[in-house]
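To start, the structure itself, in structure tokens.
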Amino acid sequence: MIRFLLKGLLRDRSRSLFPILVVIAGVSLTVLLHGWITGVIGDMVNSNANFSTGHVKIMTKAYAENEDQMPNDLALLGVDEILTDLRKRYPDMIWVNRIRFGGLLDIPDENRETKTHGPAMGLAVDLLSNKSPEIANLNIEKALVHGRLPEKPGEILISDDFATKLGVSPGESATLLSSTMYGSMAMQNYVIAGTVRFGVRPMDRGAMIVDISDAQLALDMSDASSEILGYLEDHIYDDAKAAEVAMRFNAEFAGSEDEFDPVMLTLREQKDLASYLDMASGMSGILVFVFVLAMSLVLWNAGLIGGLRRYGEVGVRLAIGENKGQVYRSMIYESALIGVIGSVIGTAIGLGISYLIQVKGFDFGSMMKSSTMMLSNVLRTQITSEAYYIGFLPGLFSTVLGTMLSGIGIYKRQTAQLFKELEV
Amino acid sequence: MKKLLTIFFLMSASTLYAQYPSGETILRKIDLNMTSKTRVFVSKMVIHGRRGTRTIESKSWGQGEEKAFTEYLAPAREKGTKMLKLEDKLWIYSPSTDRIIQISGHMLRQSVMGSDLSYEDFMEDPRLTNLYRADVTGTETVDGRPCWVLELTAKSKDVAYYKRKMWVDEARAVPLREELYAKSGKLLKRAELRDITNIQGRWFPKRIIFKDMMKKGKGTEFIIEKIQFDVRIPPRILTKASLRK
């Protein structure tokens, strides 16, 4: 039966080509849109997690209140002990400590006086120890533009745009002017080992990446850090898991009013990400729903047109004695075949284009010059398991539904009237 | 009758205002006390942070409004750090890096050594008559002393604080309390001037408590331990060469 229908479809292009093309276009667009929305939201979560929030973050309560100001005078103390404890209690998670600091990066002239300088956004991470996960977390190797990674204390990385602005290259020296944890003036000389570009505007504007031990020395933060970040297993953010870890950790300090007690926040609880994630997720759901609905209407309509266009053919088939139910079913099978073929090809095309954008990406850097959100300049699609079947919803069901509705007319036709109709 | 009452009230009000000296006169008197041709002083800055208190000692040399040099004496981490102001430029020298760094732009608004004072506070011309117009708005008592209440408005836009409210000791022409405001009217800093002492014929506060209203700490005490006015300062001190010496 299927073989017979397939032959019919292949031999009569007017029955197959246009409907299949419509299904392919609708399905591939649905898959592409789904991949794009998933990619943008996923990228936002990953960028924020890697550069700023972790999947969970520990700070002192006082620091958390003014986190944007990077108040290192309110930083966590006894960090080594906290880290050892966390690694023992949550062995599946990755725990890292970081220091964020602001300051001025000053480039000396031949008299060791200011040649040029600019405001730096400092990030201190473990760059030098063998087992450090931070090089991978921040994707530093891939972000390296010139020079090399720091290999010994006193070496730093700065963003490539910042290096261009300051007119410095790897190998030259720079002095950081900042404040210690206790508010004193902090001045430290460094050698620029390399320049990096992360593709995240806030980092690329004026980032300075330094090894955490160097920063602890310069900022008088021995055994202290601005924050401790935790990453869940497989580096995939799971809000329920993160919330559970945070709840267990915070329960230990419940009731305490000490502003220097640590507090753990999940990614959702930081930087207004909850509302943004909810909004993005809601918007993406609505967008995909509206799009799928629109495509469904288009494909349904195509099914209807197909059914009406074959009015004469159906009449002849009924006139030569074919059963109404048989005609109706054969039309539904045909449309199901069209739907399946169109959905498979459409999904393949949609996935192909999505994969291309996932690999290459679209650069929106010029539009995000003043952005402070940790969002990549290059936005990419993300292919998830849903992308493999979401196109079948409009592709298969709408086409079949359209044919089913238009096919109802078959039952209303009277055999006695058929020849009269066919004469016309 | 109504007319008579109006005239009476108007006359009393004008008599009341006539009792106040002009704002300009008071500012000039304050300038006479607070500014000098040259000054050399040893001071302590006690910074009350949220996690504890730190004390920073320094020696400063100043000439007019345009030249000043400070060398930090203690604690050990700060010792040898020097700061030089020449007109509108500010340099800092740190012995640990052997670098001279010019502070400019937004860095001037940063806190000095974690205190409630900014570099901008150090940079500003201390002669009030150069920067502000003043109106006397009334009298109040501060620490048991009758004071003029002055409202100062900046003459130009490029001052750190657009408005100031000042309680000036009527008898000694020294501010005892001050509130510093942004142009928006937001209170930025508060200062209490204490231990008013007569030094070389002028009244001068030996202890000033600053409170940056944007910070949660308990403020910074600026204590002058020793001060000399109008003494000769060797010219080499107020040059960039002295930063590395």
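In this simple spin-label model, placing a label point 7 Å from the Cα along the Cα-to-Cβ direction at both residue A:322 and residue B:31 gives a separation of 10.6 nm. Ranked by how many other Cβ atoms sit within 10 Å of their own Cβ, fewest first, the residues A:316, A:23, A:145 fall in the order A:316, A:145, A:23.
Ellipticity at 222 nm from helices only: DSSP H runs of n ≥ 4 in the protein assembly as shown, each -39500 (n - 2.57), divided by the residue count, give -12000 deg cm²/dmol. Go through B:85/B:165; A:61/B:218; A:165/B:67 and tell me which ones have a Cα-Cα distance over 25 Å in this structure. In this structure, B:85/B:165; A:165/B:67 exceed 25 Å between Cα atoms.
From the alpha carbon centroid of the stretch B:19-59 to that of the stretch B:176-233 is 4 Å.
Just checking the listed ones, A:263, A:314, A:31: in the Gaussian network model of chain A with Cα springs under 10 Å, the one fluctuating most is A:314. Straight-line cross-link partners of residue A:131 among the lysines, defined as a Cα under 24 Å from its Cα and at least 8 positions apart when in the same chain: A:57, A:88, A:142, A:152. Neighbour counting of Cβ atoms within 10 Å sorts the residues A:398, A:343, fewest neighbours leading, into A:398, A:343. Net charge dipole, the stretch A:186-340: roughly 1940 debye, given to the nearest 20, about the Cα centre with Cβ charges of +1 for Lys and Arg and -1 for Asp and Glu.
Normalised by the number of residues in chain B, what is the relative contact order in percent for Cα pairs under 8 Å and 6+ residues apart? For chain B, the relative contact order is 21 percent. DSSP beta bridges fully contained in the stretch A:56-231 are about 80 percent antiparallel.
When chain A is treated as a Gaussian network with alpha carbon springs shorter than 10 Å, the biggest mean-square fluctuation among A:63, A:388, A:237 belongs to A:388. Along each principal axis, taking the top coordinate minus the bottom one, the Cα set of the stretch B:21-243 gives 52, 40, 33 Å in descending order. Here residue A:359 and residue A:389 are evaluated by their C-beta separation; at R0 = 25 Å the FRET efficiency comes out at 0.65.
All other residues whose Cβ lies under 10 angstrom from that of residue B:137 are scored, Lys and Arg at +1 and Asp and Glu at -1, for a net of -2. Beyond 25 Å in Cα-Cα separation lie the following of the pairs B:186/B:215; A:271/B:211; B:37/B:240; A:115/B:157; B:29/B:155; B:155/B:186: A:271/B:211; A:115/B:157. Each of A:180, B:197 was scored by other Cβ atoms within 10 Å of its Cβ. Listed from fewest to most, they are B:197, A:180. The three principal axes of the Cα atoms in the stretch A:56-231 give end-to-end lengths of 51, 35, 28 Å, sorted in falling order.
Excluding the sites themselves, what is the longest stretch of chain A that contains no trypsin sites (Lys or Arg not before Pro) in a DSSP loop with at most 15 other C-beta atoms within 10 Å? Each step should come with its number before you reach the end.
Working: sites that count: A:131, A:148, A:369.
In chain A, the maximal stretch lacking such sites is A:149-368.
The spacing between the stretch A:184-229 and the stretch A:320-351, judged by their C-alpha centroids, is 62 Å.
Amide hydrogen proximity for residue A:126: with H placed 1.01 Å from N in the peptide plane, the residues at 5 or more positions away or on another chain lying under 5 Å are A:212.
Working note: Debye formula, equal point scatterers on the alpha-carbon atoms of the stretch A:173-215, no solvent; log10 I(q)/I(0) at q = 0.23, 0.24, 0.28, 0.34 Å⁻¹ is -0.94, -0.98, -1.10, -1.20. Taken residue by residue and averaged, Cβ atoms of other chains lying within 10 Å of the Cβ of B:100-108 number 5. Its residue count N fixes a reference of 2.2 N^0.38 Å for the stretch A:125-169, and the Cα radius of gyration divided by that reference is 1.21. Classification of the stretch A:161-259 by its C-alpha gyration tensor yields an oblate form. The axis ratio a/c (a ≥ b ≥ c) is 1.5 or more, and b/c is at least a/b.
Per residue, the convex hull spanned by the alpha carbons of the stretch B:76-182 comes to 135 Å³.
Proximity of backbone amide H atoms, modeled 1.01 Å from N, is registered between residue B:114 and no other residue at under 5 Å, excluding neighbours fewer than 5 places apart on the same chain. Relative to the longest principal axis of the Cα atoms of chain A, the long axis of helix A:79-89 makes an angle of roughly 40 degrees.
So what does log10 I(q)/I(0) come out to for the stretch B:162-202 at q = 0.21, 0.23 Å⁻¹, using the Debye formula with one equal point on every Cα and no solvent? Evaluating at q = 0.21, 0.23 Å⁻¹ gives log10 I(q)/I(0) of -0.68, -0.75.
In degrees between 0 and 90, to the nearest 10, how far off the longest principal axis of chain B does helix B:23-34 point, with axes built from Cα atoms? So the helix axis and the longest Cα principal axis differ by about 30 degrees.
Hey, what angle do you get for helix A:13-48 against the long axis of chain A, alpha-carbon based, 0 to 90 degrees rounded to 10? So the inclination is approximately 20 degrees.
Other chains near B:21-28: what is the mean number of their Cβ atoms within 10 Å of each residue's Cβ?
Taking all residues of B:21-28 together, the mean is 0.
Working from Cα pairs under 8 Å separated by at least six residues, relative contact order for the stretch B:136-245 is 14 percent. Each Lys or Arg adds one and each Asp or Glu subtracts one; over the other residues with Cβ under 14 Å from the Cβ of residue B:234, this totals +4. With Cα atoms defining each centre, the stretch B:83-104 and the stretch A:113-129 are spaced 19 Å apart in the structure. Rounded, prolate or oblate: which fits the stretch B:196-245, taking a ≥ b ≥ c as square roots of the Cα gyration tensor eigenvalues, rounded meaning a/c under 1.5, else prolate when a/b beats b/c? Oblate, since a/c reaches 1.5 and b/c is not below a/b. Dividing the mean sequence gap of close Cα pairs (under 8 Å, 6+ apart) by how many residues the stretch A:56-231 holds gives a relative contact order of 33 percent. A Cβ-based charge dipole, computed about the Cα centre of the stretch A:101-194 with Lys and Arg at +1 and Asp and Glu at -1, lands at about 140 debye. Let me know the shape class of the stretch B:90-148, please: from the alpha-carbon gyration tensor, a ≥ b ≥ c as square roots of the eigenvalues, rounded when a/c is under 1.5, otherwise prolate if a/b is greater than b/c, or oblate. Verdict is prolate for the stretch B:90-148.
Once the other residues with Cβ under 15 Å from the Cβ of residue A:144 are scored (Lys, Arg +1; Asp, Glu -1), what is the net sum?
-4
Expressed as a fraction of 2.2 N^0.38 Å, the C-alpha radius of gyration for the protein assembly as shown is 1.43.
Read the figures in this text as sums done on the coordinates, not as results from a lab. What you are looking at is a predicted structure, and each value in this text was computed from that prediction instead of being measured. For neighbour counting, all protein chains shown are included, and Cβ atoms are generated from backbone atoms with ideal geometry for every residue, glycine included.
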